[in-house]
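Structure record follows, encoded as structure tokens.
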Amino acid sequence: MPHHEFECSKVIPERKDHVVIKGKGEDLTSCLPKGYLNTIPGSISERGCAYCGAKHVIGTPMKDVIHISHGPVGCTYDTWQTKRYISDNDNFQLKYTFATDVKEKHIVFGAEKLLKQNIKEAFKAFPAIKRMTIYQTCATALIGDDVNAIAEEVMAEMPEVDIFVCNSPGFAGPSQSGGHHKINIAWINQKVGTLEPKITSDHVINYVGEYNIQGDQEVMTDYFKRMGIQVLSTFTGNGSYDDLRGMHRAQLNVLECARSAEYICDELRERYGIPRLDIDGFGFKALSDSLRKIGLFFGIEDRAEAIIAEETARWQPELDWYKARLQGKKVCLWPGGSKLWHWAHAIQEEMGVKVVSVYTKFGHQGDMEKGISRCGEGALAIDDPNELEGLEALEMLKPDVIFTGKRPGEMAKKTGVPYLNAHAYHNGPYKGFEGWVRFARDIYNAIYSPIHQLASLDISKDEIPTDRGFVTRRMLSDKNLPPEIALSTEMSPYTGKFDSVSPLRDKAYPAFPREADQVAAMAQETATAVAE
Amino acid sequence: MSVATAKKPSVSQRKYVPIYQSNPLADYDPVIRERVGQMENYIMKHCLWQFNSRGWDRRKQNAGILGKTTQLLCGETVDTSTPQEKCYWVDAVCLDRAYRASFPWVSTLSKDEIKETMKALHARLDWLTIDGSLNLELTVQNY
């Protein structure tokens, strides 16, 4: 096994099992770090807790819901608004956060009364909202508050409301991934099958593991609607609580982030016979294949092909412009979980960069299997890294850019390495054909920002050149390009709008008659003809 | 109260049953090994279906999709009678097209040669993703 031991982690020898370098001829039977284990004491992990994984990642993107944390206010504050999962109802779920504000006295005397009072107050404050999710936290789990019982009491007193209880306190798993698991299973156990949805198409899917980061879900849903597909529910970005109660009536579960939501797909397959189709909304080829597969499943591949042709013709020249300027740039792909495999191959193939390292904060070994498979030789793969390891890896690999979260990202910036926000994006959405170009543009802007030349100078000791003027990104990126590329009129940088999502909300879609309606119409025609 | 009928999961069917003790590709001749290597690389770089989280699922996925891909490559009829079979078929169609487009040697093979190559690929993928895998979660019985 090609393990790698960081100098900074020699005092924590167990860490060696969590780091590998993919060598020549290595495959998954010889090169895979350990994963999804409790963080080793002494290693200052970058992970979140199981409560955060349940509430912040999966629960809260649901848009028409009061999301309330039963616990200290800090738990709620720290999971509020730090991820840009927007919604088409004026971002209700981002604007407001709710907590029962548990204090020491409640730990001593119990907080159930406090919870009930808070639930009622919240519904009263927002009378238009009739749905609620409640999240258990460490403090209230440890004192044994029965959140389910209180929720039942309130639902009995207020029959117009519906409440979902997520019992995933912070300690309920090694990382946020434990919370993803718990809320998946809790949702299917408590809510799926409790409401019959209205079916409006012959082709019906659940879109699962999609969180509408800066509008990703709305971009993908646009494609589905153009294909005449009904998106019965989205689990959970821009998703509606009641739509998600009707998940059992879909014909196909289309799964994006398997890390956070494969559990509910697998259970829907077992319990309701709905198959799971893993797709990938990032990258022209992966996205094209994904639309094609959904089209094939429903016998409407021609509709998928029409979209692929139109979108590729529109956006390929712009992607190519960035690819020409990003060739060989070294990337540390250090996201939380699934993006290490969503992006690893696609950014190398379609943007020309080289992934020199992948890491995952909360991924499982399955995520590393996918990520390592999609990387080339020499890639450094790290599970549950700590900050010192991150710094050492940056020093060792000297990447041109790093894709990661805000905390390690800011740390990387201090070392002179530009970073892009892999979780919440910089200028997303990044899904879809246009989104993929927006991602390429953000990478380009990060790498070639002139600020790095200025920021790398230390005014306390470096000589400040006064004989050079300010340079632009273009001057830096095109310096060594052949003229036929630099001056090409066939390629161009991004020409889309600042906001590529809002216009989708008012878009009209073609009507695709349902088979039953067509049969009825034909029968009517025949009957009329016979009568005549 | 649930209004839909849900089947109860059967955990007893989720037991991991090993098949290969070592890399099955080692027994094949170099030409097949080379071809399988190319096909395997395509799957690993572009597909996700081989990485379901549990071993018994991976076994079904590999058999379902590679089985149907073999039938498509051989021009045989493929069963799409259930939603699950159709879902396997969808991935198989994409793989069939990609193999034909990426590997010109595919069209030079007889049906028997295709079947032998795909059998080796199936064995290799089972080894990589299940029996030889270092992933400790494959034997977990719950999702």
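Condition check ((1) out of contact with any Asp or Glu (no Cβ under 7 Å at 6 or more places or on another chain); (2) among the small types (Gly, Ala, Ser); (3) modelled with pLDDT under 95; (4) not assigned by TED's automatic domain parsing to the domain that holds A:Gly71) across all residues:
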residue	(1), (2), (3), (4)
A:Glu5	yes, no, no, yes
A:Cys8	no, no, no, yes
A:Ile12	yes, no, no, yes
A:Arg15	yes, no, no, yes
A:Lys22	no, no, yes, yes
A:Glu26	yes, no, yes, yes
A:Pro33	no, no, no, yes
A:Ile40	no, no, yes, yes
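Checked against (1) outside any strand (DSSP E or B); (2) buried (at least 24 other Cβ atoms within 10 Å of the Cβ); (3) in contact with a strand residue (DSSP E or B) (Cβ under 9 Å, 6 or more places away or on another chain); (4) not aliphatic (A, V, I, L, M), A:Gln348 meets all criteria but (2).
Does any residue of the stretch A:339-353 turn out to be outside the structural domain of A:Tyr425 (by TED's automatic domain parsing) and either in contact with a Lys or Arg (Cβ under 7 Å, 6 or more places away or on another chain) or farther than 30 Å from B:Thr82 by Cβ (or both)? No, the stretch A:339-353 has no match at all.
Determine if the stretch A:355-362 includes at least one residue that is touching a Lys or Arg at 6+ places or on another chain (Cβ under 7 Å), at pLDDT 95 or above and buried (at least 24 other Cβ atoms within 10 Å of the Cβ). Talk me through it step by step, then tell me what you get.
So the first thing to find is which residues in the stretch A:355-362 are touching a Lys or Arg at 6+ places or on another chain (Cβ under 7 Å), and the list is A:356, A:361-362.
Checking the rest, the ones that are also at pLDDT 95 or above come to A:356.
Now narrow it down to the ones that are buried (at least 24 other Cβ atoms within 10 Å of the Cβ): none.
Scanning the stretch A:355-362 turns up no residue that is touching a Lys or Arg at 6+ places or on another chain (Cβ under 7 Å), at pLDDT 95 or above and buried (at least 24 other Cβ atoms within 10 Å of the Cβ).
Tell me, which residue of the stretch A:276-301 that is among the basic types (Lys, Arg) and part of a helix (DSSP H, G or I) is nearest to the other protein chains (Cβ to nearest Cβ)? Taking the candidates together, the pick is A:Lys293.
Looking at B:Tyr88, B:Tyr20, B:Tyr16, B:Tyr42, can you tell me which residue is within 17 Å of B:Thr117 (Cα to Cα), touching a residue at least 12 places away in the same chain (Cβ under 8 Å) and either aromatic (Phe, Trp, Tyr) or out of contact with any helix residue (DSSP H, G or I) (no Cβ under 9 Å at 6 or more places or on another chain) (or both)?
On the way: B:Tyr88 fails: within 17 Å of B:Thr117 (Cα to Cα); B:Tyr20 fails: within 17 Å of B:Thr117 (Cα to Cα); B:Tyr16 fails: within 17 Å of B:Thr117 (Cα to Cα).
Just a single option satisfies the conditions, and that option is B:Tyr42.
For the stretch A:286-306, state whether one or more residues are among the charged types (D, E, K, R), under 19 Å from A:Pro429 (Cα atoms) and in contact (Cβ under 8 Å) with a residue 24 or more places away in the chain.
Residues of the stretch A:286-306 that are among the charged types (D, E, K, R), as a first pass: A:289, A:292-293, A:301-303, A:305.
Filter once more, so that each one left must be under 19 Å from A:Pro429 (Cα atoms): none.
No: zero hits.
Residue pairs whose Cβ atoms lie under 9 Å apart, sitting 6 or more positions apart in sequence or on different chains, and linking a residue in the stretch A:23-36 that is at the interface with chain B (Cβ under 8 Å from one of its Cβ atoms) to a partner that is outside any loop (DSSP other than H, G, I, E, B) and among the hydroxyl-bearing types (Ser, Thr, Tyr), are A:Asp27/A:Ser373; A:Leu28/A:Ser373; A:Leu28/B:Thr129; A:Tyr36/A:Ser177.
Go through the stretch A:503-532 and give me each residue that's under 28 Å from A:Val231 (Cβ atoms) and not in a helix (DSSP H, G or I).
Here is the first cut: in the stretch A:503-532, the residues under 28 Å from A:Val231 (Cβ atoms) are A:503-521.
Hits for the stretch A:503-532 are A:Lys507, A:Ala508, A:Tyr509, A:Pro510, A:Ala511, A:Phe512, A:Pro513, A:Arg514.
Here B:Thr69 does not fit the description of being in a loop (DSSP other than H, G, I, E, B) and more than 9 Å from chain A (Cβ to nearest Cβ).
In the stretch B:103-143, which residue that is within 12 Å of another protein chain (Cβ to nearest Cβ) and assigned to a helix (DSSP H, G or I) is farthest from A:Gly35 (Cα to Cα)? Across the stretch B:103-143, the extreme among qualifying residues is B:Arg124. Any chance the stretch B:81-96 includes a residue that's away from every other protein chain (no Cβ under 14 Å), modelled with pLDDT of 95 or more, surrounded by 21 or more Cβ atoms within 10 Å (Cβ to Cβ) and assigned to a helix (DSSP H, G or I)? Looking for residues that are away from every other protein chain (no Cβ under 14 Å), modelled with pLDDT of 95 or more, surrounded by 21 or more Cβ atoms within 10 Å (Cβ to Cβ) and assigned to a helix (DSSP H, G or I), one finds none in the stretch B:81-96, hence no. Do we find that B:Lys60 is in a helix (DSSP H, G or I) and within 9 Å of chain A (Cβ to nearest Cβ) in this structure? Considered against the rule, which asks whether it is in a helix (DSSP H, G or I) and within 9 Å of chain A (Cβ to nearest Cβ), B:Lys60 comes out as no.
Just for the stretch A:159-206: of the residues that are of a type in the set (D, E, K, R), in a loop (DSSP other than H, G, I, E, B) and in contact (Cβ under 8 Å) with a residue 40 or more places away in the chain, which one is surrounded by the fewest Cβ atoms within 10 Å (Cβ to Cβ)?
Quick first cut of the stretch A:159-206, residues of a type in the set (D, E, K, R) only: A:160, A:162, A:182, A:191, A:196, A:198, A:202.
From what is left, the residues that are in a loop (DSSP other than H, G, I, E, B) are A:160, A:191, A:196, A:198, A:202.
From what's left, in contact (Cβ under 8 Å) with a residue 40 or more places away in the chain: A:191, A:196, A:202.
On the way: A:Lys191: 19, A:Glu196: 12, A:Asp202: 19.
The selected residue is A:Glu196.
Residue-by-condition table, conditions (1) in a loop (DSSP other than H, G, I, E, B); (2) among the acidic types (Asp, Glu); (3) at negative phi:
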{"position": "A:Val20", "(1), (2), (3)": "no, no, yes"}
{"position": "A:Glu26", "(1), (2), (3)": "yes, yes, yes"}
{"position": "A:Cys31", "(1), (2), (3)": "yes, no, yes"}
{"position": "A:Asn38", "(1), (2), (3)": "yes, no, yes"}
{"position": "A:Met62", "(1), (2), (3)": "yes, no, yes"}
{"position": "A:Asp90", "(1), (2), (3)": "yes, yes, no"}
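Screening the stretch B:45-80 for residues that are modelled with pLDDT of 95 or more and small (Gly, Ala, Ser) and picking the one that is surrounded by the fewest Cβ atoms within 10 Å (Cβ to Cβ) gives B:Gly75. Only one of the numbered conditions (1) assigned to a helix (DSSP H, G or I); (2) under 28 Å from the mean Cα position of the chain (by Cα) is violated by A:Ala151, and that is (2). Among the residues of the stretch A:368-395, those that are surrounded by fewer than 20 Cβ atoms within 10 Å (Cβ to Cβ) and out of contact with any strand residue (DSSP E or B) (no Cβ under 8 Å at 6 or more places or on another chain) comprise A:Glu377, A:Glu387, A:Leu388, A:Leu391, A:Glu392, A:Glu395. For the stretch A:129-140, residues that are over 16 Å from A:Thr79 (Cβ atoms) and not in a strand (DSSP E or B) total 2.
Quick grid of which residues meet (1) part of a loop (DSSP other than H, G, I, E, B); (2) more than 8 Å from chain B (Cβ to nearest Cβ); (3) in contact (Cβ under 8 Å) with a residue 60 or more places away in the chain; (4) among the charged types (D, E, K, R):
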residue	(1), (2), (3), (4)
A:Leu244	no, yes, yes, no
A:Asn253	no, yes, no, no
A:Ser260	no, yes, yes, no
A:Tyr263	no, no, yes, no
A:Ile274	yes, no, yes, no
A:Ala309	no, yes, no, no
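Just one of the numbered conditions (1) over 21 Å from the mean Cα position of the chain (by Cα); (2) more than 18 Å from A:Glu157 (Cβ to Cβ); (3) free of Cβ contacts under 8 Å to residues at least 60 places away in the same chain is not true of A:Gly71: (3).
Could you check how many residues of the stretch A:3-22 are touching a residue at least 60 places away in the same chain (Cβ under 8 Å) and among the charged types (D, E, K, R)?
3
Which ones in the stretch A:357-385 are part of a strand (DSSP E or B) and either within 18 Å of B:Tyr42 (Cα to Cα) or more than 22 Å from the chain's Cα centre (by Cα) (or both)?
From the stretch A:357-385, those part of a strand (DSSP E or B) are A:357-360, A:380-383; that's our starting set.
Correct list: A:Leu380 only.
Considered as a group, the residues in the stretch A:81-124 that are acidic (Asp, Glu) and within 17 Å of A:Gly239 (Cβ to Cβ) include one that is surrounded by the most Cβ atoms within 10 Å (Cβ to Cβ), and that residue is A:Asp88. Look at (1) farther than 30 Å from A:Ile119 by Cβ; (2) not in a loop (DSSP other than H, G, I, E, B) and you find that A:Cys52 fails only one, number (1).
The values are calculated or read from the model by the stated rules, or taken from the named source; none is laboratory data. Quick caveat: nothing in here was measured; it's all calculated off a predicted structure. Reconstructed Cβ throughout: ideal geometry from the backbone, glycine too, with neighbour counts over all protein chains shown.
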